[in-house]
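Asker: First the structure, then my questions, so here it is.
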Amino acid sequence: MNTNTQWFLIDSEEGYNDAVNRYKEVKHAAKGTEQHKEKMLLVHLIAEYEKSISDLPEVDPVELIKVRLDDFGYKPADLANVYGDKGTISKVLNYKQALSLTMIRKFSQFLKLPAGSLIREYELKADI
């Protein structure tokens with residue numbers, strides 16, 4: 001796909017596939033570059049299209065975060081960069097600590113997830 005392509009709202013499976021394929025090409029673009037800007041636009045367009053064709057699965061918020069990380073090619077370290085505490089992110093992703101309101105707000109924006117999907121109750125694992 002040509003890097004000079006202009007992106008518009010995705011309204012077809014073909015447009016969606018084009019956007020996903022282009023995202024795969026630019027997903028490691030350095031922050032501040034034109035390709036990084038394009039990547040962030042593609043993340044938004046892809047997320048909006050996915051939201052328009054289906055509801056999010058009924059999974060607990062932690063699993064939803066893990067799925068979204070995988071969708072966007074992010075790692076837990078990216079969440080730590082957004083939130084600022086690697087240890088807390090590890091605890092949350094391992095069901096040892098609940099999501100805080102601040103995390104919900106930041107992760108909702110970062111992962112393009114509705115905040116309501118992150119406030120669902122879920123069980124934590126007890127330390128043994």
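Asker: Provide a single number: the residues in region 77-128 that are small (Gly, Ala, Ser) and more than 14 Å from the chain's Cα centre (by Cα).
Answerer: Of region 77-128, the ones small (Gly, Ala, Ser) are 77, 80, 84, 87, 90, 98, 100, 108, 115-117, 126.
Within this subset, residues satisfying the condition of being more than 14 Å from the chain's Cα centre (by Cα) are 84, 87, 90, 98, 100, 116, 126.
Looking only at that region, the number is 7.
Asker: To continue, here is another question. Quick check on this structure: which one of Lys66, Lys27 is under 21 Å from Thr5 (Cβ atoms), out of contact with any strand residue (DSSP E or B) (no Cβ under 8 Å at 6 or more places or on another chain), open to solvent by 70 Å² or more (accessible area, probe 1.4 Å) and at pLDDT below 95?
Answerer: Working: Lys66 fails: under 21 Å from Thr5 (Cβ atoms).
Criteria check complete, one pass: Lys27.
Asker: Could you please give the count of residues in region 8-24 that are loosely packed, with under 15 Cβ neighbours inside 10 Å and among the charged types (D, E, K, R)?
Answerer: 4
Asker: Quick check on Leu41: is it modelled with pLDDT of 85 or more, open to solvent by less than 70 Å² (accessible area, probe 1.4 Å) and not polar (S, T, N, Q)? Outline the logic, then answer.
Answerer: Numbers: modelled with pLDDT of 85 or more: yes; open to solvent by less than 70 Å² (accessible area, probe 1.4 Å): no; not polar (S, T, N, Q): yes.
So Leu41 fails the test.
Asker: Can I ask one more? Looking only at residues that are assigned to a loop (DSSP other than H, G, I, E, B) and basic (Lys, Arg) in region 80-123, which one is most open to solvent (accessible area, probe 1.4 Å)?
Answerer: Let us first name the residues in region 80-123 that are assigned to a loop (DSSP other than H, G, I, E, B), namely 84-85, 94-100, 111-114, 119-123.
Filter once more, so that each one left must be basic (Lys, Arg): 96, 112, 120.
Working: Lys96: 97, Lys112: 72, Arg120: 75 Å².
Result: Lys96.
Asker: Output the residues belonging to region 105-128 that are of a type in the set (Val, Ile, Thr) and in contact (Cβ under 8 Å) with a residue 24 or more places away in the chain.
Answerer: Going through region 105-128, the residues of a type in the set (Val, Ile, Thr) turn out to be 119, 128.
Ile119 - this is the single residue of region 105-128 that is of a type in the set (Val, Ile, Thr) and in contact (Cβ under 8 Å) with a residue 24 or more places away in the chain.
This table checks each residue for (1) among the polar types (S, T, N, Q); (2) under 28 Å from Lys24 (Cα atoms).
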position: Asp78; (1), (2): no, yes
position: Asn81; (1), (2): yes, yes
position: Tyr95; (1), (2): no, no
position: Ile104; (1), (2): no, yes
position: Ser108; (1), (2): yes, yes
position: Glu121; (1), (2): no, no
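The values are calculated or read from the model by the stated rules, or taken from the named source; none is laboratory data. Just so we're clear, the structure is a prediction, and the values are computed from it rather than from any experiment. A quick note on method: Cβ atoms are made from the backbone with ideal geometry, for glycine too, and the neighbour counts reach across all protein chains shown. Areas reflect the complete protein model, heavy atoms only, side chains present, ligands, DNA and RNA absent. Shrake-Rupley method; radii C 1.70, N 1.55, O 1.52, S 1.80 Å.
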